[in-house]
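The values are calculated or read from the model by the stated rules, or taken from the named source; none is laboratory data. None of the values given here were measured: they were computed from a predicted structure. A quick note on method: Cβ atoms are made from the backbone with ideal geometry, for glycine too, and the neighbour counts reach across all protein chains shown. SASA here: full protein model, heavy atoms, side chains in, ligands and nucleic acids out. Shrake-Rupley method; radii C 1.70, N 1.55, O 1.52, S 1.80 Å.
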Amino acid sequence: LSVALSGTVLSRCPACARNFANLHCTNACSPNQSLFINVTRAVNRTAPLGTPQLAVVEYQVFYRQDYAD
C-alpha cells in the first residue's frame, strides 16, 4: 500500500491523510505489534532468492477507544 496514494485520495483533508499514514505506519512497523494485532491468515510463499516464507494476508487490529478517536 502506498501512503502517497492515500494522500492523493485524502488530499482535501490533510489531517485525515496524516492520521491514515500514522495508522498505516503503526500497523506495519510498530515493535509492539503483538500487543494489538492478531494474524488470522497467512500463506506460504517463496522469496525472490527461493527462500520459503510465511506472508500475512489477513489480520485483526485491536485499538483502545481513545487511540481510535
**Asked** If a residue has to be open to solvent by less than 60 Å² (accessible area, probe 1.4 Å) and touching a Gly at 6+ places or on another chain (Cβ under 9 Å) to count, how many in segment 18-36 make the cut?
**Response** 1
**Request:** Test Ser34 against the criterion of being small (Gly, Ala, Ser), part of a loop (DSSP other than H, G, I, E, B) and out of contact with any Ser or Thr (no Cβ under 7 Å at 6 or more places or on another chain), and give yes or no.
**Result:** no
**Prompt:** Which residues, counting only those in segment 37-69, are in a strand (DSSP E or B), of a type in the set (S, T, N, Q) and open to solvent by 100 Å² or more (accessible area, probe 1.4 Å)?
**Reply:** Asn44
**Message:** Consider segment 1-17. How many of its residues are within 12 Å of the chain's Cα centre (by Cα) and open to solvent by 70 Å² or more (accessible area, probe 1.4 Å)?
**Reply:** 1
